[in-house]
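The structure appears right after this line, and notes come after that.
The numbers here are math on the coordinates, done by the rules we state, and not lab data. These figures come from a predicted structure and were not determined experimentally. Neighbour counts are summed over all protein chains in view; Cβ atoms, including those assigned to glycine, are modelled from backbone coordinates with ideal geometry.
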Amino acid sequence: MNNMLKNLVIWLVIGLVLMTVFNQFNQRQQVPNTVDYSQFLDEVKAGRISEVTIEGRNLKATTSDGKKITTYSPGDIWLVSDLLKYGVKVKAKPEEEPSLLMNIFVSWFPMLLLIGVWIFFMRQMQGGGRGGAFSFGKSRARMLDESANTVTFADVAGCEEAKEEVAELVDFLRDPSKFQKLGGRIPRGVLMVGSPGTGKTLLARAIAGEAKVPFFSISGSDFVEMFVGVGAARVRDMFEQAKKHAPCIVFIDEIDAVGRQRGAGLGGGNDEREQTLNQLLVEMDGFEATAGVIVIAATNRPDVLDPALLRPGRFDRQVVVPLPDIRGREEILKVHMRKVPLAPDVKPDIIARGTPGFSGADLANLVNEAALFAARQNKRLVDMDDFERAKDKIIMGAERRSMVMPEEERRNTAYHESGHAIVARLLPKTDPVHKVTIIPRGRALGVTMQLPEQDRYSQDRERLMNMIAVLFGGRIAEELFMNQMTTGASNDFERATEIARRMVTQWGMSDELGPMVYGENEGEVFLGRSITTHKNVSEATMQKVDAEIRRIIDQQYRLARRLLEENRDKVEAMTKALLEWETIDADQIADIISGKPPRPPKPSSGGQPQPRRSGDGGGAQGETAATPAA
């Protein structure tokens, strides 16, 4: 915005200067009451001219009635004698010449204007700002001094272990002598590793806010430029600035942009990124001392970083910032709810239980969406219903109530979701079915949601097998009750096959093949780990792997089909309820499973879990439970 305003002011100044020059020329050229020379002579002969002032070839005359007229003489040598002959009073003045300053301005202004415009566009193309063409090697790090950074550890929730790890940095920065007198030294760097949205940047700002030291922030991609050597120059400049403000913190976000493994992949060995990384390695632990400068870096791809970055002396410690557990989610919600006027019925613990797998950024978005829902309805407070609706929107997408579905397709969707739900309810070791809906949301035509009773960090074999059976429930219900197959189950099959394949090839859950990894090398091509496809198993073994995957899938398909054939009445009852109410909750599902008629729906629903997408070919048909952890 500031650049736009600056450009607008520059062009306004240029426009005003041009307008002034043109006005000067127009005023010089536009003289009032100008007449032709022949007309002027006629006036003289008629005795209507009383006085003439001659300025070179310009004639300024005064008529008998006091009117002023001007004309231009073609160089008539008899003009003065003719004027005297007819009794005209003649005056003479030297011709008015423009000033020296005006001459210089008129002759040099176009050239100066062209030079100014050229410099302006060169500065714009080369990044503008300080230095113009010489700003390539200047660091683009943004500095927050201690007064501008108000973030503290109180603003960070949901990662208590990570906070404890970095709290030591604050003590180092506040009182270095406390550790130095025992022979300890301040850490050079801290690498924060975690999924997107878990609060790595926020935690780094909180360290600087607690320690009351300057905070330099830059992205890894800001170092890389199209010109060779610019990234290394920017690293040097950034550390020079940091040394002047030591003790301070330098935060590099997404360091994998410049910190990728060197000397591998398909590119050349002397590229710009490698020079930038080499300079970063030297600055962090080289001959030059960088006392008091702590480098904090964040990435969600630690596996691609160069080993030299991760050694002690550079990044001395790695801090894992994980997705928050149920208590962490509750604390994060309380932090974000401080800014929102809440109704008394809002319970953060219930919302936290219904949001497994949400990061801190997801939870912040949840609170914001709930506030927007309340504002649309002109409420004074944000209540629990707003949070549930916001959760539905984030998890499943916005409702598409305007979508007109044919009745046959609507019935097919109801049977599909009933198939998922009934199989999930009848099998042990599956997450309880919380909600089933046939309202189209996002890409899905229907959703079956399962609410985990607690956070889960690993999956056992029986649970994985049951998840495969639940995924097949939708297609089997279509076959049994609608006598047809649709494209809606395509994603169900894809994910069921993926679970079975990983059980056999990665997790050692096959009695036939045993605890051994059978997968192919799946390295990063551009890291030089798997430039060619290389199989570490024989063709005969791969055939056994395929046969074992086929056996698991067929076994669970038969199990799901048997359950649905034995419980046809429950599927029909659930489908009827879905067609009537479109959405049913856990209590209504429990009534159907127990053989009782389902109770009427409640005005608002409870917490919903993280669903998983299902089906995409020709339109997503349904959604079911959460994907197992790898």
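Observations on the model:
- For the peptides 468-477, 174-183, 557-566, 241-250, the ranking by mean Cβ contacts within 10 Å, running from highest to lowest, is 468-477, 241-250, 557-566, 174-183.
- Within segment 312-344: backbone nitrogen closer than 14 Å to the L381 label point (7 Å, Cα to C-beta): 340-344
- Rounded, prolate or oblate (a/c below 1.5 giving rounded, otherwise prolate when a/b exceeds b/c) for segment 182-248 by Cα gyration tensor: oblate
- Among 372-383, 570-581, the peptide with the highest mean count of other Cβ atoms within 10 Å heads the list, and the full ranking is 570-581, 372-383.
- Karplus 3J(HN,Hα) series, Hz, for segment 412-417 with 6.51 cos²θ - 1.76 cosθ + 1.60 (x for Gly, Pro): 4, 5, 5, 5, 4, 5
- Distance from segment 184-204 to segment 360-425 (C-alpha centre basis), Å: 35
- Estimated distance in nm for a label pair at T62 and R311, the labels positioned 7 Å out from Cα along Cα-to-Cβ: 9.9
- A crude spin-label estimate for the pair D76 and L12, with each label 7 Å from Cα along the Cβ direction, gives 5.3 nm.
- Per-residue ³J(HN,Hα) for segment 546-553, Karplus 6.51 cos²θ - 1.76 cosθ + 1.60, θ = phi - 60°, Hz, x for Gly and Pro: 4, 5, 5, 4, 4, 5, 4, 5
- Per-residue HN-Hα couplings for segment 508-517 [Karplus 6.51, -1.76, 1.60; θ = phi - 60°; Hz; x = Gly/Pro]: x, 9, 10, 5, 5, 9, x, x, 8, 8
- Spin-label model, E51/M405: points 7 Å from Cα along the beta carbon direction are separated by 10.0 nm.
- Over the Cα atoms of segment 561-604, the radius of gyration divided by the Kirkwood radius equals 0.99; this is the Rg/Rh ratio.
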